[in-house]
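For reference, the structure is listed below as structure tokens.
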Amino acid sequence: MNKPFLTAVCTTGALMFGAAQAADGPSDGSVKIGVLTDMSGVYAAIEGPGSVIAAEMAIEDFGGEVLGKPIELTSADHQEKADVASSIARRWIDRDNVDMIVGMVNSAVGLAVQGLASDKKTITMNTGAGSQELTESQCSKYGIHYVYDTYALPVGTATAMVENGGKKWFFITADYTFGHSLQKSTARVVENLGGEVVGEVNAPLATSDFSSYLLQASSSGADVIALANAGNDTVNSIKQAHEFGIVDRGQKLAGMLVFLSDVKALGLETAQGLQFTTAFYWDRTEESREWSQRFLEKHDEMPTMVDAGVYSSTLAYLKAVEAAGTDEADAVRAELGDMKINDFFVKDGSIEPNGLMPHDMYLVRVKQPSESEGPWDLLEVVSTIPADQAYIATEDSACPLLDE
Amino acid sequence: MSLNAILAQTMLGLSQGVFYAMLSLGLAIIFGLLNVINFAHGALYMLGAFVALIGYSYLGPWLGQPDWHMGFWTALVVAPLLVGGLGMLIERFLLRRLYDFDHIYGLLLTFGIALILQGLFANYFNISGTPYPGQPESLSGIVNLGFMYFPKYRLFAILLSIVVCFATWFVIERTSLGAVLRAGVENPKLVEAFGINVPRMVTLTFGFGVALAALAGVLAAPIYSVSPLMGADLIITVFAVVVIGGMGSILGAIVTGLMLGLVQGLTQALYPPAANTVIFFIMVVVLLIRPAGLFGKVV
């Protein structure tokens with residue numbers, strides 16, 4: 001092997017691992033919020049630059065300062081790597097006095113940062129990651145899980161599909177914490193309703209060609225092919241399922257976690273009829289339309305449920321700081337546990353001791369191209385899943401904090 | 001696994017393999033002639049796909065003709081020309097300044113170009129990808145191959161890529177034009193003495209290698225979503241393909257690309273968790289046993 005190539009490999013490695021963005025300098029006398037998310041990778045359309053804008057909007061709407069101190073915002077790209085995310089979070093907390101971290105799409109990142117931040121008594125508002133572990137066995141006093149979890153996602157979607165005759169399920173699962181957790185909770189819903197799981201395949205994260213897995217799913221004889229993945233993986237699997245005519249030959253696709261940006265990427269022609277569960281859709285109420293329009297003007301894209309969650313959780317945090325009269329984490333966390341959260345995202349929301357914020361979820365259906373009246377007129381809300389059905393009851397939670 | 005399932009996975013592997021083959025072929029030509037490790041290859045592949053997408057969905061409205069589309073067949077010609085032209089500009093005005101330095105400078109330059117291109121497109125386009133709606137009617141639909149249903153378009157992409165790859169191999173290895181190219185690599189001074197403009201030949205060759213990437217990009221557009229990161233995801237694997245085949249070996253790049261597509265396809269069926277790593281595992285084994293690569297000549 002030639003020397004240039006070996007040098008090349010080493011250099012590239014160094015380039016790729018060293019690219020974390022620098023944060024701002026140290027701060028005193030301010031409340032500082034850090035948005036830690038995927039700015040350019042596989043989940044960046046779900047919670048990327050848009051979520052930073054959402055956090056900015058929350059700070060702006062709050063008035064720019066709290067307790068007479070300015071509110072600062074910083075953001076960084078965790079590159080889907082738990083180690084990169086941890087080192088950014090450590091630097092933020094130890095050196096830059098960041099008081100609250102929001103974002104953390106990707107469950108491996110979410111679990112790592114929540115654990116680390118809790119040891120350092122820093123509040124995390126997880127809006128991006130889905131794993132239920134965040135509020136179950138790995139729950140922590142300062143870790144809050146805000147937008148959706150793998151328990152809530154299948155309740156609406158799987159119930160609707162099994163009741164319409166989809167008894168036999170095959171899973172295409174993203175091969176990491178989130179995917180496995182989502183598959184497990186979906187299978188639970190399916191089996192409780194009398195359905196069965198006939199097969200599964202674990203696909204690596206960020207697969208570009210799902211056709212091989214789809215073929216295995218197709219030949220399994222399942223009624224429903226469930227996609228326990230997210231972001232680009234979901235987009236590619238749905239697109240390729242259509243390409244191979246799997247849907248036309250009668251099998252149904254179930255996207256267990258689909259975001260508005262995915263539907264946009266697929267186009268209505270391909271995505272029409274797909275049902276999934278979401279925590280937020282911009283065109284649901286007058287309030288959500290008003291906020292989403294403002295977001296659209298700043299970002300050129302309608303908000304995903306995660307963008308909306310970043311706004312709502314940041315605002316809730318700032319209100320709690322104000323009510324507590326300090327940014328000291330214990331006092332703010334106590335305040336967050338007592339207060340009712342009310343905005344366009346959630347009505348009468350409250351944060352449970354295990355960190356979960358149960359709220360209504362919505363079963364939606366992707367419109368047909370003929371039903372759509374604008375570039376973002378993509379979904380129709382089919383039904384509302386009340387918070388107490390969507391989320392695990394606090395008394396059933398396995399979070400060790402609840403025993404204390 | 002049944003015979004049908006094996007055949008089906010083989011077809012799928014092949015449809016992945018042709019993209020590896022086209023991209024690694026371009027890399028191999030560029031490395032063979034210029035000794036440049038072109039890290040921008042993935043970004044140029046992405047650019048090819050974007051030329052097709054922009055031509056189909058955006059160009060008409062920009063020019064005030066919302067109903068006008070640049071069709072797929074036009075894109076198949078225009079994208080390689082445009083992106084190949086950009087490649088020639090990169091070679092002529094940027095890379096040429098670095099030939100006297102260590103190879104690492106060329107790598108760093110192209111890596112930088114790749115980051116700039118990706119960042120630029122990530123700024124304006126959806127990172128999750130935008131669907132390419134221009135797949136021609138004549139290529140949509142599914143063919144029943146007996147052992148599986150296969151999209152017509154993928155069949156077309158496989159055939160076209162194989163034809164392009166072997167035509168390229170033929171020109172370089174079997175014609176007098178190719179002989180001049182190969183001689184230019186061995187001894188540029190001597191070839192110049194025969195009255196051949198070697199710098200221009202180098203520019204054109206770089207342009208051609210880049211055009212192959214753009215062609216692959218156009219072919220990929222209807223299959224995968226067109227996304228700013230589509231090249232970044234692929235390029236590392238393609239480098240592994242080039243290493244396994246032997247740096248700079250034309251035939252090696254083509255055959256290894258197709259072969260590794262098949263291996264990956266079968267791994268996806270037999271043991272999915274290894275699907276993304278199997279190529280790198282093979283790379284390690286090949287480097288240990290045949291450090292020059294499967295088709296490389298030991299110097």
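Can you tell which of A:147, A:235, A:197 is at pLDDT 95 or above, touching a helix residue (DSSP H, G or I) at 6+ places or on another chain (Cβ under 8 Å), more than 24 Å from residue A:386 (Cα to Cα) and among the β-branched types (Val, Ile, Thr)?
Details: A:147 fails: more than 24 Å from residue A:386 (Cα to Cα); A:235 fails: at pLDDT 95 or above.
Selected residue: A:197, the only one of A:147, A:235, A:197 that is at pLDDT 95 or above, touching a helix residue (DSSP H, G or I) at 6+ places or on another chain (Cβ under 8 Å), more than 24 Å from residue A:386 (Cα to Cα) and among the β-branched types (Val, Ile, Thr).
Residues are listed down the side, and each one gets a yes or a no for (1) touching a helix residue (DSSP H, G or I) at 6+ places or on another chain (Cβ under 7 Å); (2) among the aromatic types (Phe, Trp, Tyr); (3) within 30 Å of residue A:237 (Cα to Cα):
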site	(1), (2), (3)
A:265	yes, no, yes
A:270	yes, no, yes
A:285	no, no, no
A:291	no, yes, no
A:301	yes, no, yes
A:305	no, no, yes
A:313	no, no, no
A:324	yes, no, no
A:329	no, no, no
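Would you mention how many residues in the range B:98-112 are within 10 Å of chain A (Cβ to nearest Cβ), under 22 Å from the mean Cα position of the chain (by Cα) and free of Cβ contacts under 8 Å to residues at least 40 places away in the same chain?
3
Residues checked against (1) in contact with a Ser or Thr (Cβ under 6 Å, 6 or more places away or on another chain); (2) farther than 17 Å from residue B:79 by Cα; (3) not β-branched (Val, Ile, Thr); (4) not in a helix (DSSP H, G or I):
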position	(1), (2), (3), (4)
B:195	no, yes, yes, yes
B:199	no, yes, yes, no
B:202	no, yes, no, no
B:216	no, no, yes, no
B:219	no, no, yes, no
B:228	no, no, yes, yes
B:232	no, yes, yes, no
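Residue-by-condition table, conditions (1) in the same structural domain as residue A:302 (by TED's automatic domain parsing); (2) crowded, with 16+ Cβ neighbours inside 10 Å:
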| residue | (1), (2) |
| --- | --- |
| A:323 | yes, no |
| A:327 | yes, yes |
| A:331 | yes, no |
| A:345 | yes, yes |
| A:350 | yes, yes |
| A:370 | no, no |
| A:383 | no, no |
| A:400 | no, no |
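When only residues in the range B:122-166 that are under 27 Å from residue A:369 (Cβ atoms) and away from chain A (no Cβ under 11 Å) count, which is surrounded by the fewest Cβ atoms within 10 Å (Cβ to Cβ)?
Taking the range B:122-166 first, the residues under 27 Å from residue A:369 (Cβ atoms) are B:124-143, B:149-154, B:156-157.
So of that shortlist, the ones also away from chain A (no Cβ under 11 Å) come out as B:134, B:136-139, B:156-157.
Details: B:134: 20, B:136: 13, B:137: 7, B:138: 11, B:139: 15, B:156: 16, B:157: 23.
Going through the qualifying residues, I end up with B:137.
How about the range A:304-404: which helices (runs of 4 or more DSSP H) wholly inside it have at least 3 residues that are under 28 Å from residue A:122 (Cβ atoms) and among the hydroxyl-bearing types (Ser, Thr, Tyr)?
On the way: elements: A:305-324, A:329-338, A:387-390.
It comes to A:305-324.
Answer yes or no as to whether residue A:248 is among the acidic types (Asp, Glu) and closer than 23 Å to residue A:165 by Cα. If you could, list the steps in order and put the result at the bottom.
On the way: among the acidic types (Asp, Glu): yes; closer than 23 Å to residue A:165 by Cα: yes.
Here the answer is yes, as residue A:248 does meet what is asked.
Quick grid of which residues meet (1) out of contact with any Gly (no Cβ under 8 Å at 6 or more places or on another chain); (2) among the β-branched types (Val, Ile, Thr); (3) closer than 26 Å to residue A:397 by Cβ:
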{"position": "A:39", "(1), (2), (3)": "no, no, no"}
{"position": "A:47", "(1), (2), (3)": "no, no, yes"}
{"position": "A:60", "(1), (2), (3)": "yes, no, no"}
{"position": "A:71", "(1), (2), (3)": "no, yes, no"}
{"position": "A:79", "(1), (2), (3)": "no, no, no"}
{"position": "A:84", "(1), (2), (3)": "yes, yes, no"}
{"position": "A:91", "(1), (2), (3)": "yes, no, no"}
{"position": "A:101", "(1), (2), (3)": "no, yes, yes"}
{"position": "A:126", "(1), (2), (3)": "no, no, yes"}
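Is it the case that the range A:233-246 has a residue that's within 17 Å of residue A:50 (Cβ to Cβ) and out of contact with any Asp or Glu (no Cβ under 8 Å at 6 or more places or on another chain)? Break it down stepwise before answering.
Looking only at the range A:233-246, we keep the residues that are within 17 Å of residue A:50 (Cβ to Cβ), and these are A:235.
Next cut, out of contact with any Asp or Glu (no Cβ under 8 Å at 6 or more places or on another chain) only: none.
Checked against the condition, which is being within 17 Å of residue A:50 (Cβ to Cβ) and out of contact with any Asp or Glu (no Cβ under 8 Å at 6 or more places or on another chain), the range A:233-246 yields no hits at all.
State all residues of the range A:88-111 that are surrounded by 20 or more Cβ atoms within 10 Å (Cβ to Cβ) and either assigned to a loop (DSSP other than H, G, I, E, B) or polar (S, T, N, Q) (or both); if no residue qualifies, say none.
A:98, A:99, A:104, A:105, A:106, A:107
Scan the range A:148-180 residue by residue and report those that are among the small types (Gly, Ala, Ser) and within 17 Å of residue B:273 (Cα to Cα). Break it down into steps so the answer makes sense when it comes.
Residues of the range A:148-180 among the small types (Gly, Ala, Ser): A:152, A:156, A:158, A:160, A:165-166, A:174, A:179.
A:174, A:179 - these are the residues of the range A:148-180 that are among the small types (Gly, Ala, Ser) and within 17 Å of residue B:273 (Cα to Cα).
Before we move on, is residue B:155 without any contact (Cβ under 8 Å) to a residue 12 or more places away in the chain and within 21 Å of the chain's Cα centre (by Cα)? So that I can check it myself, show each step before the final result.
Working: without any contact (Cβ under 8 Å) to a residue 12 or more places away in the chain: no; within 21 Å of the chain's Cα centre (by Cα): yes.
Judged against the criteria, residue B:155 is not a match.
Please verify whether the range A:47-58 includes one or more residues that are within 20 Å of residue A:296 (Cβ to Cβ) and in a loop (DSSP other than H, G, I, E, B).
Keep residues of the range A:47-58 that are within 20 Å of residue A:296 (Cβ to Cβ), which gives A:47-58.
From the residues that got through so far, the ones that are in a loop (DSSP other than H, G, I, E, B) too are A:47-48.
So far as the range A:47-58 goes, yes, one or more of its residues are within 20 Å of residue A:296 (Cβ to Cβ) and in a loop (DSSP other than H, G, I, E, B).
Name the residues in the range B:1-42 that are more than 9 Å from every other protein chain (Cβ to nearest Cβ), among the polar types (S, T, N, Q) and under 30 Å from residue B:115 (Cβ atoms), would you?
Scanning the range B:1-42 gives B:24, B:38.
Check the range A:261-268 and report whether any residue there is within 12 Å of chain B (Cβ to nearest Cβ), without any contact (Cβ under 8 Å) to a residue 24 or more places away in the chain and either hydroxyl-bearing (Ser, Thr, Tyr) or within 25 Å of residue A:384 (Cα to Cα) (or both). I'd like the intermediate steps shown before the answer.
Step one: filter the range A:261-268 for residues within 12 Å of chain B (Cβ to nearest Cβ), giving A:261-268.
From what is left, the residues that are without any contact (Cβ under 8 Å) to a residue 24 or more places away in the chain are A:267.
Of the ones still in play, those that are also either hydroxyl-bearing (Ser, Thr, Tyr) or within 25 Å of residue A:384 (Cα to Cα) (or both) are A:267.
Within the range A:261-268, one or more residues are within 12 Å of chain B (Cβ to nearest Cβ), without any contact (Cβ under 8 Å) to a residue 24 or more places away in the chain and either hydroxyl-bearing (Ser, Thr, Tyr) or within 25 Å of residue A:384 (Cα to Cα) (or both).
Can you go through B:23, B:14, B:107, B:47 and tell me which one is farther than 23 Å from residue B:249 by Cβ and part of a helix (DSSP H, G or I)? I'd like the intermediate steps shown before the answer.
Numbers: B:23 fails: farther than 23 Å from residue B:249 by Cβ; B:14 fails: farther than 23 Å from residue B:249 by Cβ; B:107 fails: farther than 23 Å from residue B:249 by Cβ.
Selected residue: B:47, the only one of B:23, B:14, B:107, B:47 that is farther than 23 Å from residue B:249 by Cβ and part of a helix (DSSP H, G or I).
So which of A:173, A:135 ends up being touching an Asp or Glu at 6+ places or on another chain (Cβ under 9 Å) and not assigned by TED's automatic domain parsing to the domain that holds residue A:314?
Details: A:135 fails: not assigned by TED's automatic domain parsing to the domain that holds residue A:314.
On inspection, the qualifying residue turns out to be A:173.
Among the residues of the range A:355-362, is any without any contact (Cβ under 8 Å) to a residue 60 or more places away in the chain and of a type in the set (Ser, Thr, Tyr)?
no
Name the residues in the range A:178-232 that are hydroxyl-bearing (Ser, Thr, Tyr) and away from chain B (no Cβ under 14 Å), would you?
Matches in the range A:178-232: A:181, A:185, A:186.
The values are calculated or read from the model by the stated rules, or taken from the named source; none is laboratory data. Nothing here was measured: the structure is a model prediction, and the numbers come from that model. Positions of Cβ are backbone-derived with ideal geometry, glycine not excepted, and every protein chain shown enters the neighbour counts.
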